[in-house]
1. Could you calculate the FRET efficiency of Ile180 with Glu100 from 1/(1 + (r/R0)^6), where r is the beta carbon distance between them and R0 is 30 Å, rounded to 0.05?
2. Given a cut-off of 29 Å, name the pairs among Lys42/Lys124; Lys42/Lys184; Lys124/Lys184 whose C-alpha atoms lie farther apart than that in the structure shown.
3. Roughly what would the spin-label model give for Asp60 and Ala122, points 7 Å off Cα along C-beta, in nm?
4. Take Ser166 and Phe148, extend 7 Å from each Cα along the Cα→Cβ direction, and tell me the distance between the two endpoints in nm.
5. How much of the accessible area of the stretch 44-103, probe 1.4 Å, is carbon plus sulfur, in whole percent?
6. Based on alpha-carbon centroids, what's the gap between the stretch 27-78 and the stretch 120-140 in Å, whole number please?
7. With all protein chains present and a 1.4 Å probe, how do Val91, Val176, Val134 order by accessible area, largest first?
8. State the extension gain, in nm to one decimal, for the chain segment bounded by Asp156 and Glu115, taking 0.36 nm per residue of separation less the distance between their alpha-carbons.
Amino acid sequence: MLDLIAQTFNASLIAVTQLFLSSVVTTNPWFDGLELQYTGIKHQIICNTKLANSFTETLDDVLLSGENITLHFKFDLYASGDAEPMQSKEVVNGLLYDIESESYYLFNSESGELERFFTIEAAKDAYITVTNLVIVDTANLSDEIDYFVRVTAYLDPIKLDDMGESVNLMLRWASVKPTIVSEKFQIQARAT
(Lines give C-alpha, C1' and ligand atoms only; values in the text may rest on other atoms or scores of the structure.)
Protein backbone atom coordinates (compact mmCIF):
# COMPACT_ATOMS: atom_id res chain seq x y z
CA MET A 1 0.00 0.00 0.00
CA LEU A 2 2.81 2.40 0.91
CA ASP A 3 4.52 1.56 -2.40
CA LEU A 4 1.34 2.46 -4.31
CA ILE A 5 1.09 5.80 -2.48
CA ALA A 6 4.75 6.57 -3.28
CA GLN A 7 4.23 5.72 -6.96
CA THR A 8 1.12 7.92 -7.10
CA PHE A 9 3.00 10.77 -5.41
CA ASN A 10 5.93 10.42 -7.86
CA ALA A 11 3.56 10.39 -10.84
CA SER A 12 1.80 13.49 -9.53
CA LEU A 13 5.13 15.23 -8.93
CA ILE A 14 6.25 14.45 -12.47
CA ALA A 15 2.97 15.75 -13.91
CA VAL A 16 3.15 18.98 -11.90
CA THR A 17 6.81 19.51 -12.79
CA GLN A 18 6.10 18.97 -16.50
CA LEU A 19 3.15 21.36 -16.31
CA PHE A 20 5.31 23.95 -14.58
CA LEU A 21 8.10 23.60 -17.12
CA SER A 22 5.71 23.86 -20.07
CA SER A 23 4.05 27.04 -18.77
CA VAL A 24 7.18 29.03 -18.04
CA VAL A 25 8.02 32.44 -19.38
CA THR A 26 9.75 32.20 -22.74
CA THR A 27 12.22 34.42 -24.52
CA ASN A 28 12.88 35.04 -28.18
CA PRO A 29 16.67 34.98 -28.65
CA TRP A 30 18.44 36.37 -31.69
CA PHE A 31 21.98 36.64 -33.00
CA ASP A 32 23.59 39.91 -32.00
CA GLY A 33 25.57 40.39 -35.21
CA LEU A 34 27.47 38.10 -37.51
CA GLU A 35 31.06 38.86 -38.41
CA LEU A 36 32.70 36.90 -41.23
CA GLN A 37 36.40 37.23 -42.06
CA TYR A 38 38.02 35.81 -45.17
CA THR A 39 41.62 34.64 -45.02
CA GLY A 40 42.94 34.10 -48.54
CA ILE A 41 46.18 32.51 -47.43
CA LYS A 42 44.48 29.72 -45.49
CA HIS A 43 41.37 29.63 -47.74
CA GLN A 44 39.01 29.96 -44.78
CA ILE A 45 36.06 31.97 -43.58
CA ILE A 46 36.15 32.68 -39.85
CA CYS A 47 33.00 33.52 -37.88
CA ASN A 48 32.23 35.51 -34.75
CA THR A 49 28.68 35.72 -33.41
CA LYS A 50 26.72 35.71 -30.18
CA LEU A 51 23.17 35.00 -29.09
CA ALA A 52 21.27 37.75 -27.27
CA ASN A 53 18.23 37.50 -24.99
CA SER A 54 18.90 33.76 -24.57
CA PHE A 55 18.08 33.15 -20.92
CA THR A 56 15.06 33.23 -18.65
CA GLU A 57 14.86 32.50 -14.95
CA THR A 58 13.52 29.01 -15.65
CA LEU A 59 16.30 28.26 -18.13
CA ASP A 60 18.81 29.40 -15.51
CA ASP A 61 17.16 26.95 -13.10
CA VAL A 62 17.62 24.16 -15.65
CA LEU A 63 21.30 25.15 -16.03
CA LEU A 64 21.66 24.73 -12.25
CA SER A 65 20.13 21.23 -12.35
CA GLY A 66 23.48 19.49 -12.74
CA GLU A 67 22.50 18.11 -16.16
CA ASN A 68 24.56 18.70 -19.31
CA ILE A 69 22.68 21.32 -21.36
CA THR A 70 23.73 21.27 -25.02
CA LEU A 71 23.51 24.20 -27.41
CA HIS A 72 24.07 23.62 -31.13
CA PHE A 73 25.36 26.20 -33.60
CA LYS A 74 24.90 25.20 -37.25
CA PHE A 75 26.72 27.08 -40.03
CA ASP A 76 25.60 26.60 -43.64
CA LEU A 77 27.28 28.08 -46.72
CA TYR A 78 24.98 28.62 -49.71
CA ALA A 79 25.65 29.67 -53.27
CA SER A 80 23.17 32.37 -54.23
CA GLY A 81 20.06 30.76 -55.73
CA ASP A 82 20.75 27.26 -54.35
CA ALA A 83 18.33 25.64 -51.87
CA GLU A 84 20.86 23.20 -50.41
CA PRO A 85 24.01 24.25 -48.53
CA MET A 86 27.38 23.67 -50.19
CA GLN A 87 29.15 23.24 -46.86
CA SER A 88 27.88 22.79 -43.32
CA LYS A 89 29.52 22.80 -39.93
CA GLU A 90 28.02 22.21 -36.51
CA VAL A 91 29.51 23.06 -33.14
CA VAL A 92 28.03 21.93 -29.84
CA ASN A 93 28.57 23.65 -26.50
CA GLY A 94 27.74 21.58 -23.44
CA LEU A 95 27.25 23.40 -20.13
CA LEU A 96 27.24 21.51 -16.84
CA TYR A 97 26.95 22.85 -13.30
CA ASP A 98 28.84 20.80 -10.72
CA ILE A 99 26.96 21.17 -7.44
CA GLU A 100 29.83 19.88 -5.27
CA SER A 101 32.50 22.29 -6.57
CA GLU A 102 29.96 25.06 -7.36
CA SER A 103 31.65 25.41 -10.75
CA TYR A 104 30.36 25.56 -14.31
CA TYR A 105 32.02 23.47 -17.00
CA LEU A 106 31.76 24.25 -20.69
CA PHE A 107 32.75 21.68 -23.30
CA ASN A 108 33.16 22.88 -26.89
CA SER A 109 33.01 20.16 -29.56
CA GLU A 110 35.23 22.14 -31.94
CA SER A 111 38.17 22.71 -29.60
CA GLY A 112 37.60 19.61 -27.49
CA GLU A 113 38.50 21.69 -24.46
CA LEU A 114 36.77 21.76 -21.09
CA GLU A 115 36.68 25.23 -19.52
CA ARG A 116 35.83 25.93 -15.89
CA PHE A 117 33.91 29.01 -14.74
CA PHE A 118 33.12 30.19 -11.23
CA THR A 119 30.15 32.43 -12.05
CA ILE A 120 27.01 31.66 -14.02
CA GLU A 121 27.36 34.95 -15.92
CA ALA A 122 30.82 34.05 -17.27
CA ALA A 123 29.70 30.51 -18.12
CA LYS A 124 26.57 31.70 -19.95
CA ASP A 125 28.54 34.30 -21.91
CA ALA A 126 31.00 31.67 -23.18
CA TYR A 127 28.12 29.23 -23.81
CA ILE A 128 26.30 31.54 -26.27
CA THR A 129 29.37 32.97 -28.03
CA VAL A 130 31.26 31.79 -31.11
CA THR A 131 34.72 33.32 -31.47
CA ASN A 132 37.19 32.89 -34.34
CA LEU A 133 35.58 29.69 -35.60
CA VAL A 134 36.64 28.41 -39.03
CA ILE A 135 33.33 27.59 -40.71
CA VAL A 136 34.13 27.33 -44.44
CA ASP A 137 36.98 26.00 -46.58
CA THR A 138 37.14 28.32 -49.60
CA ALA A 139 39.85 26.48 -51.58
CA ASN A 140 37.38 25.10 -54.16
CA LEU A 141 34.92 28.01 -54.29
CA SER A 142 34.51 30.20 -57.36
CA ASP A 143 35.37 33.88 -57.19
CA GLU A 144 32.50 34.60 -59.62
CA ILE A 145 29.59 33.34 -57.50
CA ASP A 146 27.76 35.14 -54.69
CA TYR A 147 27.63 33.21 -51.41
CA PHE A 148 25.97 33.69 -48.05
CA VAL A 149 26.15 32.02 -44.63
CA ARG A 150 23.16 31.06 -42.49
CA VAL A 151 23.68 30.40 -38.78
CA THR A 152 21.09 28.62 -36.63
CA ALA A 153 21.08 27.70 -32.93
CA TYR A 154 19.00 25.25 -30.92
CA LEU A 155 18.94 23.49 -27.55
CA ASP A 156 18.66 19.73 -27.05
CA PRO A 157 15.91 18.36 -24.81
CA ILE A 158 17.01 17.02 -21.42
CA LYS A 159 15.72 14.41 -19.04
CA LEU A 160 15.65 15.56 -15.43
CA ASP A 161 15.76 13.18 -12.46
CA ASP A 162 12.38 11.72 -11.48
CA MET A 163 10.79 12.67 -14.80
CA GLY A 164 9.56 10.04 -17.20
CA GLU A 165 9.70 12.29 -20.27
CA SER A 166 12.28 14.64 -21.72
CA VAL A 167 11.89 18.38 -21.28
CA ASN A 168 11.92 20.35 -24.52
CA LEU A 169 14.18 23.31 -23.75
CA MET A 170 13.22 24.94 -27.05
CA LEU A 171 9.93 25.83 -25.32
CA ARG A 172 12.01 28.38 -23.36
CA TRP A 173 12.88 29.94 -26.73
CA ALA A 174 9.25 30.08 -27.91
CA SER A 175 10.08 26.95 -29.99
CA VAL A 176 11.92 29.09 -32.54
CA LYS A 177 15.50 28.42 -33.62
CA PRO A 178 17.38 31.73 -33.71
CA THR A 179 18.74 32.30 -37.22
CA ILE A 180 20.87 34.94 -38.90
CA VAL A 181 21.83 35.21 -42.57
CA SER A 182 24.89 37.10 -43.78
CA GLU A 183 24.93 39.54 -46.63
CA LYS A 184 25.97 38.07 -49.98
CA PHE A 185 29.68 38.05 -50.65
CA GLN A 186 32.23 36.82 -53.18
CA ILE A 187 35.46 35.00 -52.52
CA GLN A 188 38.41 37.14 -53.52
CA ALA A 189 40.40 35.94 -56.52
CA ARG A 190 43.50 34.03 -55.55
CA ALA A 191 46.90 35.28 -56.62
CA THR A 192 48.66 32.91 -58.99
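The values are calculated or read from the model by the stated rules, or taken from the named source; none is laboratory data. Keep in mind that what you see is a predicted model, and the values were worked out from it rather than measured. So basically every Cβ, Gly included, is an ideal-geometry build from the backbone, and we count neighbours across all protein chains shown. Keep in mind that these areas ignore ligands, DNA and RNA; they rest on the heavy atoms of the full protein, side chains included. Shrake-Rupley method; radii C 1.70, N 1.55, O 1.52, S 1.80 Å.
1. 0.20
2. On the way: Lys42/Lys124 31 Å; Lys42/Lys184 21 Å; Lys124/Lys184 31 Å.
Violating the 29 Å limit, Cα to Cα: Lys42/Lys124; Lys124/Lys184.
3. Simple spin-label model gives 1.8 nm for this pair.
4. Reported label-point gap for Ser166 and Phe148 is 3.1 nm.
5. Numbers: 1140 of 2560 Å².
The value for the stretch 44-103 is 44 percent carbon and sulfur by accessible area.
6. One Cα centre to the other: 7 Å.
7. Val176, Val134, Val91
8. Between Asp156 and Glu115, full extension yields 12.7 nm more.
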